[in-house]
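A quick write-up on the structure given underneath.
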Amino acid sequence: MIGKGLTCGYLAQIDVDKIIHEGLANLPFDRKRVLVIIPDRTRTMPMPLFFRAITKSLMPRAKALNFLIALGTHPPSMKKISWIW
């Protein structure tokens, strides 16, 4: 198993970096073009944190690294959403 959990609080950027790096280390991304599909703003998660960790881990290995935002993968929201970003 890769990672760790907390009963309270959040993982620090360095912990997320280590977990992401360890999780991607054995996957065959060397000199490959990699496309990472990420959620749109309707999904709650610390995307900037994961974006930095994935980029830091894969940029030295991949021939190209691109991100695609997954739009239209869920029914439209019926309520008004206030964006904090």
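The values are calculated or read from the model by the stated rules, or taken from the named source; none is laboratory data. Computed from a prediction, not measured in an experiment: that's the story for all the values here. All Cβ positions, glycine included, derive from the backbone under ideal geometry; neighbour counts span all protein chains shown.
So, in region 1-59, exactly how many residues are of a type in the set (Lys, Arg), touching a residue at least 24 places away in the same chain (Cβ under 8 Å), in a loop (DSSP other than H, G, I, E, B) and within 23 Å of Ile69 (Cβ to Cβ)? Result for region 1-59: 2.
Count of region 48-85 residues, restricted to those that are at pLDDT 80 or above and of a type in the set (Val, Ile, Thr), is 3. Restricted to region 33-55, and to residues there that are charged (D, E, K, R) and loosely packed, with under 14 Cβ neighbours inside 10 Å, the residue that is nearest to Gly5 (Cα to Cα) is Arg43.
Against the definition (loosely packed, with under 12 Cβ neighbours inside 10 Å and among the small types (Gly, Ala, Ser)), how does Ala62 come out, yes or no?
no
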